[in-house]
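Enquirer: Here it is, the structure in full.
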Amino acid sequence: MADLSAKDVERAQFVFSIYDFEGNGQIDAVNLGDCLRALNQNPTLATIEKLGGTKKKNEKKMKLDEFLPIYSQVKKDKDQGSFEDFLEALKLYDKEENGKMMAAELSHTLLALGERLADAECEECLKDCMLPEDEDGFTDYELT
């Protein structure tokens, strides 16, 4: 891959080997998104599906020489959101500009906008990633 550096290829090979659970030089296409995210990429579910990812296990296998061009393509994609982009979006809900927002608004945002989360996913995300809401229903979204 001419557009991937030697270090990128080495990292991709390492991540690929982790997801090669059977040790046969192939990964299940259902793990394509996980591999890309392990390489600090943020592809959408639609992008993953478009690039050959599957929703069901054992539908399709992928070799490293198939994975590298996909990684290269995703790496070049400038439309990926970053953590900083996510924080900027949450600032829209921060009426007092103090790093806090209504926990109910955050939940609604995760359930209703973009690639929507399921109720259980949203609850798990909020429980694992956010501080408990205060007595007024606010939670910190920005670590200070």
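Enquirer: Give the residue from 86, 17, 129 lying farthest towards the positive end of the charge dipole for the chain; charges sit on Cβ (+1 for Lys and Arg, -1 for Asp and Glu) and the dipole is referred to the Cα centre.
Expert: 17
Enquirer: If you keep only loop residues by DSSP, which chymotrypsin sites (Phe, Trp or Tyr not before Pro) in the stretch 7-103 have at most 14 other Cβ atoms within 10 Å of their Cβ? Walk me through the numbers before you get to the answer.
Expert: Details: sites: 14, 16, 19, 21, 67, 71, 83, 86, 93; in loops: 21.
Passing both the DSSP loop test and the Cβ count: 21.
Enquirer: Can I ask one more? For the chain, modelled as a Gaussian network with Cα springs under 10 Å, which listed residue fluctuates most, 31, 40, 98?
Expert: 98
Enquirer: Test of the criteria: in the stretch 4-95, which trypsin sites (Lys or Arg not before Pro) are in a DSSP loop and have at most 13 other Cβ atoms within 10 angstrom of their Cβ? List each step's numbers first, then the result.
Expert: Numbers: sites: 7, 11, 37, 50, 55, 56, 57, 60, 61, 63, 75, 76, 78, 91, 95; in loops: 55, 56, 57, 60, 78, 95.
In loop regions of the stretch 4-95 (DSSP not H, G, I, E or B), the sparsely surrounded trypsin sites (Lys or Arg not before Pro) are 55, 56, 57, 78, 95.
Enquirer: Something else now. Would you look at the GNM of the chain, springs on alpha carbons closer than 10 Å, and say which of 105, 133, 97 moves the most?
Expert: 97
Enquirer: Just how large is the dipole of the stretch 83-140 about the Cα centre, in debye to the nearest 20, putting +1 at every Lys and Arg Cβ and -1 at every Asp and Glu Cβ?
Expert: Working: 5 positive and 18 negative charges, 32 e Å.
With only Lys, Arg, Asp and Glu charged at Cβ, the dipole is about 160 debye.
Enquirer: List, in the order given, every pair from 50/75; 91/127; 7/55; 50/91; 7/75; 57/127 whose Cα-Cα distance in the structure shown is over 22 Å.
Expert: On the way: 50/75 15 Å; 91/127 20 Å; 7/55 30 Å; 50/91 31 Å; 7/75 13 Å; 57/127 28 Å.
From the list (50/75; 91/127; 7/55; 50/91; 7/75; 57/127), the Cα-Cα distance tops 22 Å for 7/55; 50/91; 57/127.
Enquirer: Pull out a ≥ b ≥ c, the square roots of the eigenvalues of the alpha-carbon gyration tensor of the stretch 83-140, then state rounded if a/c is under 1.5, prolate if not and a/b is larger than b/c, and oblate in the remaining case. Mind dumping the intermediate values first?
Expert: Details: a/c = 1.77, a/b = 1.20, b/c = 1.48.
It is oblate, given that a/c is not under 1.5 and a/b is not larger than b/c.
Enquirer: Can you compute the helix-only [θ] at 222 nm over the chain? Use -39500 (n - 2.57) per DSSP H run of at least 4 residues, normalise by all residues, nearest 500 deg cm²/dmol. The partial results should precede the final answer.
Expert: On the way: 7 runs with 69 residues, N = 144.
About -14000 deg cm²/dmol.
Enquirer: Given that just one value was derived from the coordinates, which of (1) 40, 27, 24; (2) 54, 30, 23; (3) 39, 38, 24 is Cα extents along the principal axes in Å?
Expert: Read-out taken from this structure: (2).
The numbers here are math on the coordinates, done by the rules we state, and not lab data. Note that the structure is a prediction, hence the values are computed from the model and not measured. Here the Cβ is made from the backbone with ideal geometry for all residues, glycine too, and neighbour counts use every protein chain on show.
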